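The values are calculated or read from the model by the stated rules, or taken from the named source; none is laboratory data. Not measured: the values here are computed from a predicted model. Reconstructed Cβ throughout: ideal geometry from the backbone, glycine too, with neighbour counts over all protein chains shown.
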Amino acid sequence: MKALVVIPARLESTRLAKKALAEIAGKPMIERVFNQAKKSNVGDVVVAACGHEITDVVEKAGGKAIITDPALPSGTDRVWAAYVAMGKPEVDVIIGLQGDLPLLDPNLLQEILKPFKNPNVDVATLGVLITDLEEITNPNVVKIAMDKPESNIARAIYFSRLAVPANASVYYHHIGIYAYRPKVLEAYVSYPPCYLEQTERLEQLRFLQHGFRVDVAIVDSTPISVDTLSDLERVRAACNHQ
């Protein structure tokens, strides 16, 4: 399966300004994410940036970057814009990887491709078993309603900030990395935000609203997402001890 990894990155962040360029053990965060993605060996990797500050850093490090419209409403729209700007290369799957995962395990990008062995799957994403009971009721931890996984893959029925499904014996934390068939991503960006997406503040619900099949690959760990200064310090400490 031929994949293209696109990493949307922008400088505007409400909680941590210019976090894509934040230095972590001598390297900007976006460079670290790019390098981890390359290690996955799933296909070409490109950064979809909002301007030259980011593209200059990526290209200096030997990577490929494309400037996309800074007014685009989401990272998913930026992924599609970069793919179009590249001339829509022939790939089976486009992986949208967040630009704030500098400690990403490259193996996760291998795992996210596994659901596509089923030709009926339109979108794939990742989930991990919740072991900290406080996360079940934490609205910042997105949960997945799905059947019991078979061979670590299950079809998603719904995503919520609430504890779903009700009365479950186990709950799964959604990891916001996505892989899409190109035609599905093209359709997604053409649709306006749907009611459930706006209510839950979860863009993946737009796929379900329009009848696309989303399957989840269950993995063993959650990558640290750098959203705040404390997250950044945690990542810096981890890198300094490697």
**Report entry** Pick from the stretch 205-242, criterion acidic (Asp, Glu) and not in a loop (DSSP other than H, G, I, E, B), ranking: nearest to Leu113 (Cα to Cα)
**Finding:** Asp215
Query raised in the report: Does at least one position in the stretch 131-141 carry a residue that is under 18 Å from Val214 (Cα atoms) and touching a helix residue (DSSP H, G or I) at 6+ places or on another chain (Cβ under 9 Å)?
Result: no
**Report entry** From Ala81, Ala48, residue being crowded, with 24+ Cβ neighbours inside 10 Å, under 20 Å from Ala3 (Cα atoms) and hydrophobic (A, V, I, L, M, F, W, C)
**Finding:** Ala48
Report summary line: (1) exposed (fewer than 13 other Cβ atoms within 10 Å of the Cβ); (2) outside any loop (DSSP other than H, G, I, E, B) all hold for Pro119 apart from (2)
**Report entry** Count of residues meeting criterion [in a helix (DSSP H, G or I) and under 19 Å from Thr125 (Cα atoms)] in the stretch 70-82
**Finding:** 6
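Residue-wise test of (1) charged (D, E, K, R); (2) closer than 15 Å to Gly176 by Cβ; (3) modelled with pLDDT of 95 or more.
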residue	(1), (2), (3)
Gly96	no, yes, yes
Asp100	yes, yes, no
Asn107	no, no, yes
Glu111	yes, yes, yes
Pro115	no, no, yes
Asn120	no, no, yes
Thr125	no, yes, yes
Leu129	no, no, yes
Requested in this report: Give the residues of the stretch 105-130 that are of a type in the set (A, V, I, L, M), within 19 Å of Leu208 (Cα to Cα) and touching a helix residue (DSSP H, G or I) at 6+ places or on another chain (Cβ under 8 Å), sorted by residue number.
Outcome: Val121, Val123, Ala124, Leu126
Query raised in the report: Considering only the stretch 39-53, how many residues are free of Cβ contacts under 8 Å to residues at least 60 places away in the same chain and within 23 Å of Asp105 (Cβ to Cβ)?
Result: 6
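Could you count how many residues in the stretch 169-192 are loosely packed, with under 14 Cβ neighbours inside 10 Å and more than 22 Å from Asp92 (Cβ to Cβ)?
First, the residues of the stretch 169-192 that are loosely packed, with under 14 Cβ neighbours inside 10 Å: 169-170, 183, 190-192.
From what's left, more than 22 Å from Asp92 (Cβ to Cβ): 169-170, 191-192.
Result for the stretch 169-192: 4.
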Report summary line: Among (1) assigned to a loop (DSSP other than H, G, I, E, B); (2) at pLDDT below 95, Gly87 falls short only on (2)
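Filtering the stretch 9-37 down to residues that are assigned to a helix (DSSP H, G or I) and free of Cβ contacts under 8 Å to residues at least 40 places away in the same chain, which residue is surrounded by the most Cβ atoms within 10 Å (Cβ to Cβ)? If you could, list the steps in order and put the result at the bottom.
Step one: of the stretch 9-37, the residues assigned to a helix (DSSP H, G or I) are 19-21, 29-37.
If we keep only those that are free of Cβ contacts under 8 Å to residues at least 40 places away in the same chain as well, we get 21, 31, 34-35.
Working: Leu21: 16, Glu31: 23, Phe34: 28, Asn35: 17.
For the stretch 9-37, the residue satisfying everything is Phe34.
Looking at the stretch 132-159, which of its residues are of a type in the set (A, V, I, L, M), exposed (fewer than 15 other Cβ atoms within 10 Å of the Cβ) and outside any strand (DSSP E or B)? So that I can check it myself, show each step before the final result.
From the stretch 132-159, those of a type in the set (A, V, I, L, M) are 133, 136, 141-142, 144-146, 153-154, 156-157; that's our starting set.
Retained after the next criterion (residues that are exposed (fewer than 15 other Cβ atoms within 10 Å of the Cβ)): 133, 157.
Of everything in the stretch 132-159, just one residue is of a type in the set (A, V, I, L, M), exposed (fewer than 15 other Cβ atoms within 10 Å of the Cβ) and outside any strand (DSSP E or B), namely Leu133.
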